[in-house]
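Q: Questions regarding the structure given below will be posed in turn.
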Amino acid sequence: MPRIRLENLTKSYGSLDVIHGIDLVMQENEFTVLVGPSGCGKSTTLRMIAGLESVSAGEIYMGEKAVSKLEPKERDIAMVFQDYALYPHMNVAKNMSFALRLQKTPKKEIDKKVSEVAAILGLERFLHRKPAELSGGQRQRVAMGRALTRDASTFLFDEPLSNLDAKLRGQMRAELALMSQRVKKNMVYVTHDQVEAMTLGDRIIVMQDGHIRQQGTPEELFKHPSSKFVAGFIGSPPMNFLSATLQDNSGIVSVVGEGFCFQLSEQRASRAKKISGNDVIVGIRPSDLYLNPSADVANQLTLSVLVSEYIGAQSILHAQCGDNHLSVEIKSEQPVALGESLIFSASPEGLHLFDKKTELAI
Amino acid sequence: MSQAALTTERRNPAFYALVVALIVMALGPIVMMISTSLKLNVDVMGETSSLLFMPTVANYETVLCDVLWYTPERVEYCDPTFGRALGNSLIIALASTAITLIIGTMAAYALVRFRFMGRGTVSMTSLMMRMVPPAVLLVPVFGIWTFDFCVGESCAAGTYWGIVLVYVAMNLPFVIWILQSFIVQVPIQLEEAARVDGANPFQVFFLVVLPLIKPGLAAAAIFTFRIAWNEFLLANALLDRNTRTVPVTIVNSLTEYDIDWGVIMATGSLLAIPPIIFTFVASKQIITGMTAGAVKG
């Protein structure tokens with residue numbers, strides 16, 4: 001399966017630039033997820049790879065071949081669309097075999113391939129139904145089946161799960177993960193749902209406003225976000241951000257804000273000072289805060305609880321710290337009264353610092 | 001309570017009278033046509049003209065004499081006009097329907113899917129062509145078809161292709177207009193999916209778009225066929241005695257010496273059959289929800 005390489009890929013509509021020259025390499029058989037808020041250009045990028053959208057500048061390479069001027073059918077790709085795009089006048093079997101029939105594949109081979117894929121996706125019973133007679137999840141499965149029956153080297157997914165209800169989405173997500181392990185192909189997957197991105201992707205590309213903000217494994221993105229945007233986008237519930245200032249107390253540097261104070265290691269403090277002077281933003285994930293009533297005054301955060309959301313083993317507290325709203329994940333056994341003031345600590349690794357102006361990680 | 005229910009159930013007698021009047025107005029001419037076609041001239045002209053008569057197929061035999069497999073005894077001279085006219089009508093109506101649909105779908109598809117300068121204007125103004133009454137076209141078309149559209153000795157006037165050309169031009173704007181609204185409803189994702197699946201533009205059009213706009217094609221076909229079949233004004237001006245269609249033939253058989261009502265009505269009855277069959281077949285294709293299940297449910 002060829003490596004896909006985007007080189008200075010640009011898309012503009014008239015004078016409006018939508019994709020600002022992105023460079024990206026997708027390794028062989030890698031499951032790459034493009035993720036970002038709506039309008040960030042992830043779907044446009046995918047559609048350019050598919051050949052459904054013209055490329056304004058730059059080039060797409062599949063292996064060593066430049067493909068940006070080629071028709072979709074010459075690119076050896078299969079695509080699953082957000083809203084299925086099944087041919088309504090054909091039954092499931094005909095839908096899945098459309099591409100093969102266009103290639104004039106012998107009928108025997110088509111039948112074999114279709115029943116093979118139908119077995120993988122559990123569609124055997126529906127082969128003679130029309131799309132209108134299927135449920136949403138089944139239609140989505142047919143759409144994937146249509147891509148799978150072709151022996152394309154690259155699979156493109158354009159938000160394939162966004163039209164399904166929550167339960168079905170979870171189930172299909174698991175099936176997709178399973179499928180990607182079994183079928184060794186290049187997969188490029190577009191989604192706005194960071195949970196999908198985290199669970200499916202070998203590598204995640206976070207996009208914003210037509211730029212790539214960060215790329216890496218799910219773990220890298222979660223632990224070391226390169227900017228406030230990425231930090232806020234990846235992880236659920238999202239990271240808390242607090243404005244703070246750096247205070248130097250005879251050599252010990254702390255980030256201090258209304259209702260909290262955290263000491264920094266020397267190395268970190270000097271870096272922070274060098275980069276952004278005194279004003280910084282502190283980011284703490286809800287899961288990185290833990291209750292610690294006996295915490296040192298120089299290393300704690302005081303919250304007053306506004307709402308407690310019980311979600312099972314965990315509860316999410318929505319709380320106030322000075323003027324800032326925060327969310328905190330705690331174990332549900334811990335009794336919490338509304339309006340109560342609680343003292344939390346955070347581990348040094350759980351503290352993320354961002355420059356106030358550029359919003360880049362320090 | 002039940003009183004009120006009763007009064008709403010039992011409508012005003014005037015309502016029924018109106019319905020009956022409308023039915024008589026709608027069916028009366030048809031009943032008259034069919035019954036007259038089954039009468040001999042003696043019964044038609046007789047003083048005791050009534051619904052009581054001995055039905056006969058003699059008029060139909062006269063009309064179809066050269067098409068029938070046997071020679072009707074009563075027909076002394078077999079006039080081939082009517083049989084020929086029926087054939088002409090069929091050829092002209094079917095040909096203009098087919099050509100209009102082929103050109104119409106392609107034009108409508110281009111107007112909906114392709115971006116080019118003046119697209120909106122073309123889309124809007126194409127329907128304006130339809131606003132010109134055929135009677136206005138009559139004289140210029142006759143002139144041009146007789147003197148300008150000539151290949152060697154033969155001119156467009158009096159030929160099948162000449163009249164088909166007029167009908168296609170006349171019906172095309174409306175057909176394009178109807179089909180545009182059907183093509184707009186075909187989700188663009190389907191075409192994209194087909195392109196990714198390896199279809200070339202023609203395969204996308206014929207294998208994906210065309211099957212989905214079948215209802216539109218049927219509606220357009222009924223419309224075009226009916227107009228081409230019934231048209232009189234232009235057909236009367238342009239066609240010669242060998243290519244004449246049925247409506248023209250019927251009118252031409254009203255002469256100052258003799259009006260054979262029975263034969264005329266028999267021709268009329270026969271004239272009504274093909275459009276009925278055509279509409280019946282085509283309307284089976286008009287089902288809603290063709291694109292159901294294509295995209296997100």
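The values are calculated or read from the model by the stated rules, or taken from the named source; none is laboratory data. As the structure is a computational prediction, the values presented were derived from the model and not from experiment. No Cβ is skipped: glycine too gets one built from the backbone with ideal geometry, and neighbour counts run over all protein chains shown.
Q: When the residues of the stretch B:189-205 are narrowed to those that are without any contact (Cβ under 8 Å) to a residue 12 or more places away in the chain and surrounded by fewer than 19 Cβ atoms within 10 Å (Cβ to Cβ), which ends up farthest from the other protein chains (Cβ to nearest Cβ)?
A: Selected residue: B:Phe202.
Q: Given the condition polar (S, T, N, Q), within 12 Å of chain B (Cβ to nearest Cβ) and under 24 Å from A:Met62 (Cα atoms), answer yes or no: does some residue in the stretch A:164-182 qualify?
A: no
Q: Within the stretch A:34-77, how many residues are under 23 Å from A:Arg141 (Cβ atoms) and within 8 Å of chain B (Cβ to nearest Cβ)?
A: Number of matching residues: 4.
Q: Please tell me if B:Ala228 is under 20 Å from B:Ala98 (Cα atoms) and crowded, with 19+ Cβ neighbours inside 10 Å.
A: Taking the combined requirement at face value, the residue satisfies it.
Q: Suppose we filter the stretch B:206-225 for residues that are aromatic (Phe, Trp, Tyr), touching a residue at least 60 places away in the same chain (Cβ under 8 Å) and surrounded by fewer than 19 Cβ atoms within 10 Å (Cβ to Cβ); how many remain?
A: Result for the stretch B:206-225: 0.
Q: Anything in the stretch A:322-356 that is surrounded by 12 or more Cβ atoms within 10 Å (Cβ to Cβ) and of a type in the set (Lys, Arg)? List them, or say none.
A: Answer for the stretch A:322-356, where residues must be surrounded by 12 or more Cβ atoms within 10 Å (Cβ to Cβ) and of a type in the set (Lys, Arg): just A:Lys356.
Q: Test A:Leu121 against the stated conditions and say whether it is modelled with pLDDT of 90 or more and more than 8 Å from chain B (Cβ to nearest Cβ).
A: Spelling it out, it is not the case that A:Leu121 is modelled with pLDDT of 90 or more and more than 8 Å from chain B (Cβ to nearest Cβ).
Q: Part of a loop (DSSP other than H, G, I, E, B) and either surrounded by 23 or more Cβ atoms within 10 Å (Cβ to Cβ) or at pLDDT 90 or above (or both), is that true of A:Tyr87?
A: Yes; evaluated as a whole, the condition is true for this residue.
Q: List the helices (runs of 4 or more DSSP H) inside the stretch B:183-245, counting only whole elements, that have at least 3 residues being of a type in the set (D, E, K, R).
A: It comes to B:188-196.
Q: How many residues does the stretch B:174-188 contain that are more than 14 Å from chain A (Cβ to nearest Cβ) and either out of contact with any Ser or Thr (no Cβ under 6 Å at 6 or more places or on another chain) or modelled with pLDDT under 90 (or both)?
A: Here the count works out to 7.
Q: Would you mind telling me which numbered condition in (1) in contact with a strand residue (DSSP E or B) (Cβ under 6 Å, 6 or more places away or on another chain); (2) within 18 Å of A:Leu353 (Cα to Cα) A:Arg285 fails?
A: The number of the failed condition is (1).
Q: Then there's this: With the condition being more than 19 Å from the chain's Cα centre (by Cα), I'd like the helices (runs of 4 or more DSSP H) fully within the stretch A:162-260 carrying at least 1 qualifying residues.
A: Correct list: A:166-182.
Q: While we're here: What number goes with the only condition from (1) within 11 Å of another protein chain (Cβ to nearest Cβ); (2) at pLDDT 90 or above; (3) more than 30 Å from A:Leu9 (Cα to Cα) that A:Val80 does not pass?
A: That leaves (3) as the condition not met.
Q: Just for the stretch A:289-321: of the residues that are within 21 Å of A:Thr245 (Cα to Cα) and surrounded by fewer than 15 Cβ atoms within 10 Å (Cβ to Cβ), which one is modelled with the highest pLDDT?
A: Across the stretch A:289-321, the extreme among qualifying residues is A:Asp296.
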